[in-house]
There are 2 protein chains.
Amino acid sequence: MVKKNYNLSLIGLGTVGSGFLDILSSRKHEITDKYDLNVKVVSVSDTKGTLYDQDGLEIEKILRLKSEDLKNPLKSYDESKFDKDSYELVFESNSDVLVETTPTNLEDGEPGLSNIKKALNKGKDVITTNKGPISLEYQNLYKLSQKNQVKLMFEGTVLAGTPAINFIKKDLAGSNIKSVRGILNGTTNYILSKMEKESKSFDKALEEAQKLGYAESDPSADIDGWDAAAKVSILSNVIFDQSIDPSEVLREGIRNISLEDVKNAEKNNKRIKLIGKVNKKGKEIKTSVKPVKLSLNDSLAQVMDATNAISVNTDHLGEVSVIGPGAGKKETGQAVLNDLLRLKDYR
Amino acid sequence: MVKKNYNLSLIGLGTVGSGFLDILSSRKHEITDKYDLNVKVVSVSDTKGTLYDQDGLEIEKILRLKSEDLKNPLKSYDESKFDKDSYELVFESNSDVLVETTPTNLEDGEPGLSNIKKALNKGKDVITTNKGPISLEYQNLYKLSQKNQVKLMFEGTVLAGTPAINFIKKDLAGSNIKSVRGILNGTTNYILSKMEKESKSFDKALEEAQKLGYAESDPSADIDGWDAAAKVSILSNVIFDQSIDPSEVLREGIRNISLEDVKNAEKNNKRIKLIGKVNKKGKEIKTSVKPVKLSLNDSLAQVMDATNAISVNTDHLGEVSVIGPGAGKKETGQAVLNDLLRLKDYR
């Protein structure tokens, strides 16, 4: 079979970006032999600038330099191939696909939003794990991708590499989706699990989540439900073709959940979970993120610790659920690789 | 966008076949508008013969006649379009796709196996829900489909319309699968759930399953693990490209599970489930179906009643599970529709 050549540009060399390069390096032969793709990375950008070689960069060398904790690993690769100016080089490069993994910004989606727009306008397919642009501007970005006859893939924005976006768009095609509920944030689920199983206070459980690297030092994005709201927004875009800004999602976090609340629920054979929900009533899309007391035989009640899940309610199948990790380096790298492998057959 | 035309031949007008026609009829406009397919059914065959019209049959009329409990509903449609001889007419017809839904036969796969082979050799894509041919002859059928440049789709053979085959082949592409465990049979899971929740004996619970239509009057295919073994065989074909005959699967059913066993497990915070398993040790594929005492925090332990599930263990994601219905008329019809919608983009 004729192999398809892909030149990639990667913007963002944080956990997700380097996780993807790790996987790409270890799966090189399989990608070529089993999936008939020849993949080259022609540019890699971080906040300091862009490393570019139209003939392809040596991924292993980039990863080695990155692991050495240098001040500017990309410049250290080869100064003559490094440009400290913005990402403009990327859009003018010979890449076919932009892999966009800059950090999520739910206020204006930047810098991801501009990166994605420019790439689509230059006729590049885009794979992103960045929740900002997809939750804020999906409908416009989708139209832009159609206009330029390129693809916009974003499996990694919800539940990392655990199938969610493609599960809904492809695997459930043919059935009508009435609603989706989900445990969409690992940090809050970890905290609630610790409170219940180890009778820890909210503050103690949060502290542990921070120690383990689940929660940021400013944990607001997680515990106030912003991260889950962005995912709810993305799901409503995908399922109902309707744009809901994360700030429009009815949102209540877990900051005010006390150990007593958790224990009282337990006494009544219930479990408190932070549930993100999208459903359609008539023509209206309803979205929410809030703590809900679930009965123990609810499939979402059994999802513990940092594990995530979505439960999709459809006409032909009733409730169908997917359970798996919702974050992590190789878990999100897998989402990018999966999007890449599907690119050539995707509509 | 240019619409793709599909002429279908349907063999088998039982629960699955008529379930698919039901869905096809109710989703007609959506299939045309949203998925850009023009679908016509040019032939329908049951055990009495074949109804054929190269310009397309009226699905609603077939369903109406079928619901009237006539002796020969297809002949009643239009005697001049009916042929009581075998299915040969189907293979010579102008159909592009064979939808094969004859009953599963795990001894020699017939009549499904011959139907599928003939269709592939005539250059027709095949969508089947028949476990016999896929578990017994998948590798040969796959090669035949490649040789004839057509597609062989079988989502409905495992977990009905709950995504399993495509979930593994497409959504998890890029990760290496180490093992799969599953609750692959609804009848046995229903029986075990009844025994635990309502303290019923095995015989009482089986009787109820039979009343509800879950179990056949000869329940051996379910309770002796044959149905689950066929699905284990299909999973090992898909995941490890290795053919394991259902009779080669280490197999133990639930016939000898007593209420006492179930209650003893419960006392130890365990739950007995009939688990189908496939894993690879070195170069050897190990397959089994047997009752297993699961700890209650195992994701499969929480799957109750007739619900089914698979848990896939992968290198990049750890354990990822799908939970949903494993049988039913519209549930399996959905599997066929989903395969049909994916056909044009499938590799």
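The values are calculated or read from the model by the stated rules, or taken from the named source; none is laboratory data. Predicted model, so just to flag it, every value in this text is computed and none were measured. Glycine also receives a Cβ, built like all others from the backbone with ideal geometry; neighbour counts cover every protein chain displayed. Accessible surface areas use protein heavy atoms only, side chains included; no ligands, DNA or RNA. Shrake-Rupley method; radii C 1.70, N 1.55, O 1.52, S 1.80 Å.
Numbers for the structure displayed
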read-out: Sites B:Glu92 and A:Glu30, calculated FRET efficiency, Cβ-Cβ separation with R0 35 Å, nearest 0.05; value: 0.25
read-out: With all protein chains modelled, accessible area of A:Phe82 [1.4 Å, Å²]; value: 30 Å²
read-out: Inter-label distance, nm, simple model (7 Å from Cα along the C-beta direction), B:Gln146/A:Asn140; value: 4.7 nm
read-out: Loop-resident sites, region A:231-340, for trypsin sites (Lys or Arg not before Pro), counting at most 11 other Cβ within 10 Å (DSSP); value: A:Lys283
read-out: Magnitude of the charge dipole, region B:22-96, Cβ model with Lys/Arg +1 and Asp/Glu -1, debye to 20; value: 260 debye
read-out: Cα centroid of region A:191-205 to Cα centroid of region B:325-347, whole Å; value: 43 Å
read-out: Dipole in debye (nearest 20) - the protein assembly as shown, about Cα centre, beta carbon charges: Lys, Arg +1; Asp, Glu -1; value: 160 debye
read-out: Top positive-direction residue, dipole computed over chain A with Cβ charges, set A:Asn94, A:Leu37, A:Ser18; value: A:Leu37
read-out: Helix axis angle, A:186-198 relative to chain A longest principal axis, alpha carbon, degrees; value: 40 degrees
read-out: Number of partner chain Cβ atoms within 10 Å, mean per residue of A:330-338; value: 4
read-out: Test item: Cα-centred dipole of chain A, Lys/Arg +1 and Asp/Glu -1 on Cβ, debye; value: 1020 debye
read-out: Positive-end extreme of charge dipole, the protein assembly as shown - chosen from B:Ile191, B:Ala306, A:Met153 (charges on Cβ); value: B:Ile191
read-out: Computed [θ] at 222 nm, deg cm²/dmol, chain A (DSSP H ≥ 4; -39,500 (n - 2.57); rounded to nearest 500); value: -11000 deg cm²/dmol
read-out: Distance in nm between pseudo-label sites at A:Asp108 and B:Asp241 (7 Å out along the Cβ direction from Cα); value: 5.1 nm
read-out: Cα extents of region A:125-181 along the three principal axes, largest first (Å); value: 29, 23, 18
read-out: C-alpha center-to-center spacing [region A:88-122, region B:79-157] in angstrom; value: 47 Å
read-out: Under 22 Å from the Cα of B:Lys286 - lysines, other chains or at least 8 residues apart; value: B:Lys131, B:Lys169, B:Lys178, B:Lys231, B:Lys273, B:Lys277
read-out: Other protein chain Cβ atoms within 10 Å, averaged over every residue that makes up A:91-99; value: 0
read-out: Using a Förster distance of 51 Å, the FRET efficiency for A:Lys178-A:Asp78 (Cβ separation, nearest 0.05); value: 0.40
read-out: Inter-chain Cβ neighbour average for residues B:306-316, partner chain, 10 Å; value: 3
read-out: Spatial separation of Cα centroids for region A:219-275 and region B:224-251, in angstrom; value: 41 Å
read-out: Under Karplus coefficients 6.51, -1.76 and 1.60, residue-wise ³J(HN,Hα) of region B:217-223 in Hz, glycine/proline x; value: 5, 9, x, 4, 4, 7, 6
read-out: Pair B:Lys197, A:Leu250: separation of 7 Å Cα→Cβ label points (nm); value: 2.9 nm
read-out: Peptides A:84-96, B:89-101 ordered by average Cβ neighbours within 10 Å, highest first; value: B:89-101, A:84-96
read-out: Relative contact order (percent, whole number), chain B, Cα cutoff 8 Å, 6+ residue spacing; value: 19 percent
read-out: Dipole-positive endmost among A:Phe82, A:Tyr138, A:Ala215 within chain A (Cβ charges, Cα centre); value: A:Tyr138
read-out: Burial order of peptide ranges A:6-13, B:49-56 (average beta-carbon count within 10 Å, highest first); value: A:6-13, B:49-56
read-out: 0 to 90° range, to nearest 10: angle between helix B:15-26 axis and chain B longest Cα axis; value: 60 degrees
